[in-house]
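First up is the structure itself, then whatever we jot down about it.
Any read-out appearing in this document is the output of simple, stated calculations on the displayed coordinates, not a laboratory observation. Just so we're clear, the structure is a prediction, and the values are computed from it rather than from any experiment. Note: ideal-geometry Cβ built from the backbone for every residue, glycine included; neighbour counts use all protein chains shown.
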Amino acid sequence: MPTHLVALVSGMGWHVQDLQRAAAKLGVRLDALPFPKLVGRVEARGPNVSAGLMALDAVDGVLVRMMPPGGLERVVFRMDSLHRLESAGVPVLNPASAIETAVDKYLALARLHEAGLPVPPTWVGESAADAEAAFIELGGDVVVKPIFGAEGRGLVRVSDPELARRAFHTLERLQAVLYLQKFIQNPGHDLRVFVLGECLVGAIRRHVPAGDWRANVAIGGRAEAFEPDLETKRLALRAARAVGARMAGVDLLPTREGDLLVVEVNAVPGWKALSAATGVDVAAAVLDDLRVWTQ
């Protein structure tokens, strides 16, 4: 019997199609099932967690590809389901605890800092007045981020005190958490390293598009392959471990002084740009890692 894996997805986009291609190449059975189809049961008989008509307790492994947007109750239920699968002995990539940590920028950054990794100075709170004081402490030039978010979306650089005041009070009225990170001038690029287990699958240098300060490929950054040195590899591996992720996209920010800062760890990383730039079959590497893990 071939290894039976399930990918929990939010749609049937490029990454799911790439996984299906890789599964056929590896001789692995892969079913892509949408997160909204999850069903949980608490009873004497039957599966604890299923999706559609498939009992997920009985498959060899589950890959969390992408979680669709949803309210707090839906997100909590989905994470509860992943925890139950792990309790039933089903390998889940990434583990629920890693996803919960990485998706929360504040918690993830705190874990990175506690692990002794270099991170940008950051302030988080709820008061606009306190944020104004923090803005000055951080040098009067900050990046305001949503705590939950990815691909560089929702990030705003603020360096004008009046604009900062307006932004902070608007966020306070919206009952949002204010996340301020000191702006660090990069040399025109940042780095994305793809970690899988104790290995680095590949790495790209993402160049900042003209007129912007963000390097994310999703918003126009240009990716090129690069070979990280030993220290960069160690930093990426330590960052993934700090949030408990077996698979991770680690974002590193080079400073003009030549240092590297860990900015974020993505526990549900994409690989389209990385595969195109490096030629590495990331989808096959991910499925093979999960297949070996199940044995």
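Calculate the FRET efficiency for residue 227 and residue 127 from the Cβ-Cβ distance with a Förster distance of 41 Å, rounded to the nearest 0.05.
0.35
Between residue 166 and residue 73, what is the FRET efficiency for a Förster distance of 30 Å, r being their Cβ-Cβ separation, to the nearest 0.05?
0.40
On a 26 Å Cα-Cα criterion, which of the cross-link pairs 105/233; 145/272; 37/145 come out too long?
Violating the 26 Å limit, Cα to Cα: 37/145.
What fraction of the Cα pairs in region 1-105, stated in percent, has a spacing above 23 angstrom? Could the numbers behind the result be given before it?
Details: 1312 of 5460 pairs.
Percentage above 23 Å: 24.
Projecting each Cα onto the charge dipole of region 1-157 (Lys/Arg +1, Asp/Glu -1 at the beta carbon, about the Cα centre), which of 39, 95, 131 comes out farthest on the positive side?
39
Give me the compactness ratio for the chain, meaning the Cα radius of gyration over 2.2 N^0.38 Å.
Here the Cα radius of gyration is 1.05 times the empirical estimate.
Return the whole-Å distance between the Cα centroid of region 103-132 and the Cα centroid of region 12-71.
Between the Cα centres of region 103-132 and region 12-71 lies a distance of 33 Å.
About its Cα centre, how strong a charge dipole does the chain have in debye, to the nearest 20, once Lys and Arg get +1 and Asp and Glu get -1 at the Cβ?
Here the size comes out at about 720 debye.
Of 271, 14, 123, how do they rank once you tally other Cβ atoms within 10 Å and put the fewest first?
14, 123, 271
Out of region 1-91, which trypsin sites (Lys or Arg not before Pro) are coil in DSSP terms and have no more than 10 other C-beta atoms within 10 Å?
45
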